[in-house]
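Notes follow once the structure below has been shown.
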């Protein structure tokens, strides 16, 4: 029986820290786990994102079929050694992040989960499959997502307006319920960021028991550092102002990067004084 673990997201739930943990421990994990991250599956990620916010039934059917083909291709080109677990971690597998290209919620996630289960079952036959979803308390998710959109795009909406328009996106419990119904009789595993953040391995703490690694391997693993810093109110306001200005994407990215670097260096100096 082949052991497969899929971590489809969600965005802004500690996925970056979890994936960084897998990267820095790649050598230790390799004999036991074949890890696939987004750089190894950009074609699959692109097809998954394309399934978001499609209102026309025919187009939705076409895009889901394209996703299933790409996902099947990924499994076909990923040979496993005897006894290896396949672990795929890529937040695009719940669709495009809300706030981008008119996507307002994770509405594509249940159908994508159903397709993942279908394709994996067909490919492996005798399969032990786990879908692990990392989640986050709704208000915390909304704050983090808003900061991310300000930082990574030309988003100009106020935080109050964002909370009203995108409230469904942060209701991850409801999305999980829909995913559970879509993949029945299988049941996804969930792990909330608020519970795992204080743990030694952070968000990856929920993953380790699923991997069934030898104790000496677990003891040698390195924790990942916290990577994404939250924006304070002043930083949010400045990024919102920058996003409203007439600049190229490159210019905008540079000015935001310089501002945040100077701002955080100043904070560090103040903390050390």
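Please treat every number below as a calculation from the coordinates, not as lab data. Everything numeric here is computed off the predicted structure, so don't read it as measured data. Heads up, the Cβs are rebuilt from the backbone with ideal geometry, glycines too, and the neighbour counts pull from every protein chain shown.
Structure above, values below:
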item	result
Kirkwood Rh and Cα Rg combined as Rg over Rh, evaluated for the chain	0.98
Rule-of-thumb Rg ratio for the stretch 3-151 [Cα; 2.2 N^0.38 Å; N residues]	1.05
Residue exposure sequence - 43, 212 - by fewest surrounding Cβ within 10 Å	212, 43
Förster-model FRET efficiency, 41 Å R0, residue 254 and residue 178, C-beta, rounded to 0.05	0.55
Pairwise centroid distance, computed over Cα atoms, of the stretch 31-96 with the stretch 131-182, Å	22 Å
Calculated Rg and Dmax of the stretch 1-80 using C-alpha coordinates, Å	14.8, 46
Helix axis angle, 249-272 relative to the chain longest principal axis, alpha carbon, degrees	80 degrees
FRET efficiency, residue 139 to residue 30 (Cβ-Cβ, R0 41 Å, nearest 0.05)	0.60
Relative contact order of the stretch 178-267, defined on C-alpha pairs under 8 angstrom at six or more residues apart (%)	14 percent
Exposure proxy order (Cβ contacts within 10 Å, fewest to most) of 235, 199	199, 235
Cut-off 18 Å (backbone N to label point 7 Å along Cα→Cβ of residue 226), residues of the stretch 5-35	12-21
Modelled FRET efficiency - R0 22 Å, residue 167 with residue 199, Cβ distances, 0.05 increments	0.15
Full-extension gain in nm, residue 82 to residue 240, via 0.36 nm per residue minus C-alpha separation	51.7 nm
Pair residue 187, residue 158: separation of 7 Å Cα→Cβ label points (nm)	4.4 nm
Distance histogram for the stretch 35-117 (every C-alpha pair counted, 10 angstrom bins, percent rounded to whole numbers)	18, 51, 24, 7, 1
Computed over the chain: relative contact order in percent, which uses C-alpha pairs under 8 Å that are six or more apart	26 percent
Proxy reagent accessibility, fewest Cβ within 10 Å first, across 133, 167, 32	167, 32, 133
For q = 0.21, 0.24, 0.25 Å⁻¹, Debye-computed log10 I/I(0) when each Cα of the stretch 233-272 counts as one equal scatterer	-0.66, -0.78, -0.82
Prolate/oblate/rounded label for the stretch 160-217 (Cα gyration tensor, a/c 1.5)	oblate
Computed Rg/Rh of the stretch 102-226, alpha carbon atoms with Kirkwood Rh	1.03
